[in-house]
Amino acid sequence: MDSKLRRLSRELNDSFKEREDEIAGSLLALISKEHVLFIGPPGTAKSMLAKQMCNCIEGSSFFYYLLTRFTTPDEIFGPLSLTALQSDIFCRNVEGYLPTANVSFLDEIFKSNSSILNSLLTILNERKYHNGSIILDVPLYTVFGASNELPEENESLEALYDRFLFRYHVRYIEDELNFLEMILGRSETFIPSQKLTIEELGGMQRDAAGLPLDDAVVEAILALRRELHAAGIAVSDRRWKKLVQVLRIASAALGRQSVDRTMLILLQHMIWKRPEERATIRKLLIEIAVSGGIDIEQRERDLHDLHASAALLKDYVLPCTVTCPLCELDFERWKALKGHASNHPDHFYILPGSEEEYQLSSVRTSPRILPNLIDKFASLGKPVKLTMPSPERELYLGDVEEFEEILDLLQRDLDAERTALIRQLEDNFWLSGKDREDMLYEYDVKTRGMIDMRKLLGETRRLILSEDLQTH
Ligand SMILES: [Zn+2]
């Protein structure tokens, strides 16, 4: 099944250039029994694509109509039956019209007037048609609607717009080679090498019904709902339910046992309502799809802590012992001396070989009051070493080595995670080349912190080992 769909997708992509997203969405809509809306200028092969989708299902019938403001129900649902009318029964001959079609393309769909809209909405939503007093089950899979623009503000048209789960903005072909191939190519009808059968479609829906969602996907959906809400993008509960069902079907069609995070990007074509929302939604989905997994942030915090505490332990080794005669205390290191001075601002200190008494204070009122003894030593030609006391030094070097091993393991796990991600993306024919590229790029951005960590770890090691001389 997987390979049949994959082949269909490949054949359709060979036949329609630059329609990767639309083709994937149309196939997915077809097996999910959802509707697709194409918004864009005329002449972008929208009706052709819809017709070929119908071609992909064995024995299915197609109904096409270009609506205008004056289209009557007869043209869409079939003419009134004259024989029935003679017996005072009001019903239509629906054969060959929308109520008997499996796939339909309705061009300029937002031109639908009120005489059509109610029946159309019922067909799209409930797949029922009220033919006089009889309620028909319609065999419809998917309606492809097309329009040049979004519907004007009108409650019924908005209800119609809401029926389309998949929405695409279709543009003209951009690439010149693709364009030439399209205009010069043989315009034979596309014939898929293998068609999907109605049974297969039903089977895929059954397979999908109980497919579980990964915990990460459940969390991502909740996060997404919050983010969309904050961005002022409203998605109805009913739409959410359908979205999850489509994700299940897409995953089942790939032969997966659950819905994983990489499937979330598919929602980009099903959530937006106004075109300006599309970019925001896509970006959000990509971020959410690659979030989770291995978390390097905790390690980043650990390393910053290690670096900061190593920096705190660095101290100036004084070139000679400094004594506080009042307390009869000797100081070998600058931090202890500074601590003593701030506790006892009025104490003074003697340097060996001299009777001079110095006081430490930031306010210098006489030459004997020094803001910084380090500078004093430097000016005497006795540079002071900034170093780390040796028992701590051994301890910290051990920590750095341990951290190096942790980073190596982390890197190995990340490499494995990246490889798994690539495999998941490559295997997923619902995604476009651009989707794959953007998701992998986002993953690499997320793990770029590894490079910074290696750098910081090197700096920490240098910090521990260095013995900088403070010179004047
Ligand atoms: Zn003292």
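The values are calculated or read from the model by the stated rules, or taken from the named source; none is laboratory data. Remember, it's a predicted structure, so these values are computed and weren't measured experimentally. Please note: Cβ atoms are built from the backbone with ideal geometry, for glycine as well, and neighbour counts cover all protein chains shown. Only protein heavy atoms, including side chains, enter the accessible area calculation; ligands, DNA and RNA are left aside. Shrake-Rupley method; radii C 1.70, N 1.55, O 1.52, S 1.80 Å.
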Point to revise | Relative packing of 33-40, 246-253, 111-118, 354-361, which averages over residues the other C-beta atoms within 10 Å, highest first | key: 246-253, 33-40, 111-118, 354-361
Review point. Sorted by accessible area with a 1.4 angstrom probe, largest first, how do 307, 344 fall?
Key: 344, 307
Exercise for review: At 37 °C and 0.692 mPa s, grab the translational diffusion coefficient of the range 38-90 from Stokes-Einstein with a Kirkwood Rh over Cα pairs, rounded to a whole number in µm² per second.
Suggested key: 232
Point to revise | the range 131-182, Rg to Rh (Cα coordinates; Rh as Kirkwood inverse mean 1/r) | key: 1.17
Study note, to complete from the structure: Per residue, accessible area of the chain with a 1.4 Å probe, heavy atoms of protein chains only, in Å², comes to 52
Check your understanding: How far apart, in nm, are two points set 7 Å out from the Cα along the Cα-to-Cβ line at residue 84 and at residue 416?
Key -> 6.5
Study note, to complete from the structure: the range 1-62: relative contact order from alpha carbon pairs under 8 Å, six or more residues apart, as a whole percent, is 25
Check your understanding: For the range 147-257, what Kirkwood radius comes out of the mean inverse Cα-Cα distance, in Å?
Key -> 18.2
Practice item. Let me know the Kirkwood hydrodynamic radius for the range 210-292, please, with Cα pairs as the basis and the value in Å to one decimal. Key: 12.9
Point to revise | Dipole magnitude of the chain, debye to nearest 20 (Cβ charges: Lys/Arg +1, Asp/Glu -1, about Cα centre) | key: 1020
Review point. Cα atoms only, the chain: Rg and Dmax in Å?
Key: 36.3, 131
**Study point:** Furthest towards positive pole of dipole, 307, 326, 290, structure part the range 276-412, Cβ charges
**Key:** 326
Point to revise | Estimated [θ] at 222 nm from DSSP helical runs (n ≥ 4, -39500 (n - 2.57)) normalised by residues in the chain, nearest 500 | key: -16000 deg cm²/dmol
Revision key, fill the gap. Taking every alpha carbon pair in the range 352-406 and sorting the distances into 10 angstrom bins from 0 up to the bin holding the longest one, the percent per bin comes out as 19, 31, 20, 18, 11, 1
Review point. By DSSP, what percent of the beta bridges with both residues in the range 336-472 are antiparallel, rounded to the nearest 5?
Key: 75
Check your understanding: Of 422, 35, 270, which is farthest on the positive side of the dipole of the chain, counting Cα position, with +1 on Lys and Arg Cβ, -1 on Asp and Glu Cβ, and the Cα centre as origin?
Key -> 35
Exercise for review: Could you please state, rounded to a whole Å, how far the C-alpha centre of the range 201-242 is from the C-alpha centre of the range 379-402?
Suggested key: 56
**Study point:** Semi-axis lengths, Å, the range 249-341, gyration tensor of Cα atoms, sqrt of 5 times eigenvalues
**Key:** 63, 16, 8
Revision key, fill the gap. A student applying the Cα gyration tensor rule (rounded when a/c is under 1.5; otherwise prolate if a/b is larger than b/c, oblate if not) would label the range 59-118 oblate
**Study point:** the chain - percent of accessible surface contributed by carbon and sulfur, probe 1.4 Å
**Key:** 51
Exercise for review: First check a/c for the range 316-372, with a ≥ b ≥ c the square roots of the eigenvalues of its C-alpha gyration tensor; if it is under 1.5, answer rounded, and if not, answer prolate when a/b is larger than b/c or oblate otherwise.
Suggested key: rounded
Check your understanding: Where Rh denotes the Kirkwood radius from the mean inverse Cα pair distance, what is Rg over Rh for the range 291-396?
Key -> 1.16
Check your understanding: So, in Å, what gap is there between the alpha-carbon centers of the range 17-69 and the range 267-298?
Key -> 26
Exercise for review: Write down the Kirkwood hydrodynamic radius of the range 2-203, to one decimal in angstroms, obtained as one divided by the mean of 1/r over all alpha carbon pairs.
Suggested key: 17.8
